[in-house]
Each structure stands twice: as structure tokens, then as C-alpha cells.
Ligand SMILES: NC(=O)c1ccc[n+]([C@@H]2O[C@H](COP(=O)([O-])OP(=O)(O)OC[C@H]3O[C@@H](n4cnc5c(N)ncnc54)[C@H](OP(=O)(O)O)[C@@H]3O)[C@@H](O)[C@H]2O)c1
């Protein structure tokens, strides 16, 4: 099977590389995978995207790329929309037209965070900033591309999944690494306590999404096209995440000046940023659960039910072992 992965140098792109190279996938050798980074394919170039798709002819397109600079997006809207909306639209059009599967990722930032409780996939989107708006435009363009071609060519076996996730951490810059870096030198830190969500490891997200679209032996499988919320079990605040990260780092032997007790909880209003963030980013994963339950796949359900804090502990331990920098 031919797989084209966009965004190979990002946190999720690297996680896909690891997951697809994993010998547990069984027939990794039978997978013909091409990984593309910015130097192979600049996603602001429609021609470059078209060329890559036409030349390689993928049966599965994984878009792990995105413009993710949430605050910078406020002044770089054109760039954010080019990468987060137009580029996935072109990928989706290709997949819809040529019967490929398209795997794409979106964000909790498509919501305004006003809902009490967990967001469902079809809840009203109302992004607070340009990044969220550009990701929402990507979601809409993908759905439109598939519905359009499906109407023209009934019977084409194209399908897509958009996995909405939150607070991603992996091999790259992220909130946890920032906190650990600051914790080396600072004796005190203020962190927002009234924004709630779920940290998702890129490694976990790559595994969950591959489980949705592929059999463990590597062949594509059918699933209902659409948006799926994909986050681990539980919930926390930025303050809760920072406290756990510092605690886990100390337990792993890191030399930090900061202790969890010295992390002061503050309301978001005391830490203004160019882009507003949702106060509530919690998303229900019932829809994804139902797909895995329907398949009777208990091991995949266990993966989906993994608590966020277990994964953060393991991650922090590995970061400390690799040396904090
Ligand atoms: N990070 C989060 O907290 C978070 C939260 C919710 C949802 N998500 C979503 O999860 C997905 C994965 O995020 P991530 O954390 O892995 O992002 P990331 O680490 O920022 O990686 C994004 C990748 O996209 C590439 N890219 C950006 N602009 C490009 C362009 N013009 N041409 C080619 N490549 C370009 C970047 O290339 P360079 O390496 O060359 O810069 C980078 O490798 C995204 O869809 C994101 O919206 C992320």
C-alpha cells in the first residue's frame, strides 16, 4: 500500500514515522511510504502539492502538517489559511476523486469553550482566533470535497477521518517542554488554572488514528467518514499539567529549582495572549469508542482509554533521560 505523509518533521509527523516503522504493524515492509517535509513540499504551493499527489499516487494520505503558531496566526492569517485550509482541501479533493483514504487532524480551538461539559463532534464551532478559524475552514473544505465528488461519482471508495485533538506533545516544542525548561532556573512560576482540556501524546494519537483506518497487518479498512474527537481519558488544567510534569521530572531525577508547590495557579485573564483560547477544551470520545466497540477490538479500546497522566509521566521520564535542554 502507498502512503503519503505530509508534515514529517512535526511532532505528529515524527510519531507517524515511528508508528509506521513499528514491526508490530506486521507488514511494514509491504508499505510503500513517502514522508514529506517543508523542503520536499511547501504547502503554500498548490502546484507542489498536486505534483506530489500525482507522482506518488497514494492510497492513504496522512496530513500531519499544520500551521500551529496560535498567536502568530493573528497576524499571518493568509499563511495559516493556506496551510490549514487550502492544502488539506487539495489533499481531500485528490483522495475523494481517486478513491484514497484521507487522515487529517484538527483542534479543540475550533470551539469557543463556552459549553458546560464535553464537546461532541457536531457541536457548534465558533473559533476564538485565526488559527482555530483556519482549522475550521480546513474541516469544512474536506467535508465539502468529499461530498462533492461522492455526488458526481457514486461508488468511489474514498473515505476521510478528521481527528480533533488537543494539547499535543511529542518530539518537538510543546507546553511540557517549556515548563521543564523554565523549571530548571525558576523558583516560582504562574500557570493558568481555569482553562481545561486533555493533553494528547503524538505517539498515542498516531497509533489511535492508524487503528481507525488500518488493520494491524497494514491494509486499509472501512470506517464512517467524518470528524472524530481523539484525546486520552481524563481532564486537567494547564496548571494541573505543569504540576504533574514538574513532579514527574523530579521523580525521574531532574535537577530543577522549581517544585510543584511553587507553581502558582492564575486565571487566564492574568496572562493575556494575542489569541484567545477556549476555557473548556474537553471533548467526548464516545464516537471513536463506538467504532472500536463495534469492531470488538478490546486492545484498541484499552489504548483509547489510557489516562492522560500516565502517558505524561512516561513522556517526562523519557525527556529527563534524554537530558533537559
Ligand atoms: N500542537 C498542539 O498542541 C495541537 C493541539 C490540537 C491539535 N493539533 C493539531 O495536530 C496536528 C499535528 O500538530 P503538531 O503538534 O504535530 O504540529 P507541529 O509540531 O507544529 O508540526 C507541524 C508541521 O507542519 C509543517 N508545516 C507548517 N507549514 C508548512 C508549510 N508551509 N509547508 C510544509 N510544511 C509545513 C511544519 O514544518 P517545519 O517543521 O518545517 O516547520 C511542521 O513540521 C495539526 O493538525 C495540529 O493543528 C495540535
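The values are calculated or read from the model by the stated rules, or taken from the named source; none is laboratory data. Bear in mind that the values here come from a model prediction, so they are computed numbers and not experimental data. Note that each Cβ is placed from the backbone with ideal geometry, even for glycine, and that neighbours are counted across all protein chains shown.
Could you tell me how many of the residues in the range 84-106 are within 11 Å of the ligand (Cβ to nearest atom), assigned to a helix (DSSP H, G or I) and within 18 Å of residue 125 (Cα to Cα)?
Kept after step one, since they are within 11 Å of the ligand (Cβ to nearest atom), are these residues of the range 84-106: 84, 86-88, 103-106.
Applying the additional criterion that residues be assigned to a helix (DSSP H, G or I) yields 84, 86-88.
Narrowing the set further to residues that are within 18 Å of residue 125 (Cα to Cα) leaves 84.
Total meeting the criteria: 1.
Surrounded by 17 or more Cβ atoms within 10 Å (Cβ to Cβ) and closer than 19 Å to residue 170 by Cα: does that describe residue 291? No: the conditions fail for residue 291.
A residue that is out of contact with any helix residue (DSSP H, G or I) (no Cβ under 7 Å at 6 or more places or on another chain) and either within 11 Å of the ligand (Cβ to nearest atom) or assigned to a loop (DSSP other than H, G, I, E, B) (or both) cannot be found anywhere in the range 29-36. Scanning the range 158-178 finds one or more residues that are in a helix (DSSP H, G or I), surrounded by fewer than 22 Cβ atoms within 10 Å (Cβ to Cβ), within 9 Å of the ligand (Cβ to nearest atom) and touching a residue at least 24 places away in the same chain (Cβ under 8 Å). Which condition from (1) under 30 Å from residue 144 (Cβ atoms); (2) crowded, with 18+ Cβ neighbours inside 10 Å; (3) touching a helix residue (DSSP H, G or I) at 6+ places or on another chain (Cβ under 8 Å) is the one that residue 220 breaks? Only one criterion is unmet by residue 220, namely (2).
For the condition surrounded by fewer than 19 Cβ atoms within 10 Å (Cβ to Cβ), touching a helix residue (DSSP H, G or I) at 6+ places or on another chain (Cβ under 9 Å), in a loop (DSSP other than H, G, I, E, B) and touching a residue at least 60 places away in the same chain (Cβ under 8 Å), what is the one hit in 114, 121, 74? Full working, then the answer.
Details: 114 fails: touching a helix residue (DSSP H, G or I) at 6+ places or on another chain (Cβ under 9 Å); 74 fails: in a loop (DSSP other than H, G, I, E, B).
Residue meeting the stated conditions: 121.
Restricting the range 179-206 to residues that are in a helix (DSSP H, G or I) and crowded, with 21+ Cβ neighbours inside 10 Å leaves a set whose member that is nearest to the ligand (Cβ to nearest atom) is 202.
So, residue 81, is that one at negative phi, within 13 Å of the ligand (Cβ to nearest atom) and crowded, with 23+ Cβ neighbours inside 10 Å or not? Walk me through it before giving the result.
On the way: at negative phi: yes; within 13 Å of the ligand (Cβ to nearest atom): yes; crowded, with 23+ Cβ neighbours inside 10 Å: no.
Considered against the rule, which asks whether it is at negative phi, within 13 Å of the ligand (Cβ to nearest atom) and crowded, with 23+ Cβ neighbours inside 10 Å, residue 81 comes out as no.
Name, by its number, the condition in (1) over 18 Å from the mean Cα position of the chain (by Cα); (2) farther than 18 Å from residue 48 by Cα; (3) within 15 Å of the ligand (Cβ to nearest atom) that does not hold for residue 124. For residue 124, the failing item is (3).
Does residue 109 satisfy the condition of being touching a helix residue (DSSP H, G or I) at 6+ places or on another chain (Cβ under 7 Å) and within 9 Å of the ligand (Cβ to nearest atom)? So residue 109 passes the test. Filtering 48, 64 for residues that are closer than 21 Å to residue 138 by Cβ, at pLDDT 95 or above, within 13 Å of the ligand (Cβ to nearest atom) and under 17 Å from the mean Cα position of the chain (by Cα) leaves a single hit, 64.
In this structure, residue 40 does not satisfy being modelled with pLDDT under 95 and more than 20 Å from residue 209 (Cβ to Cβ).
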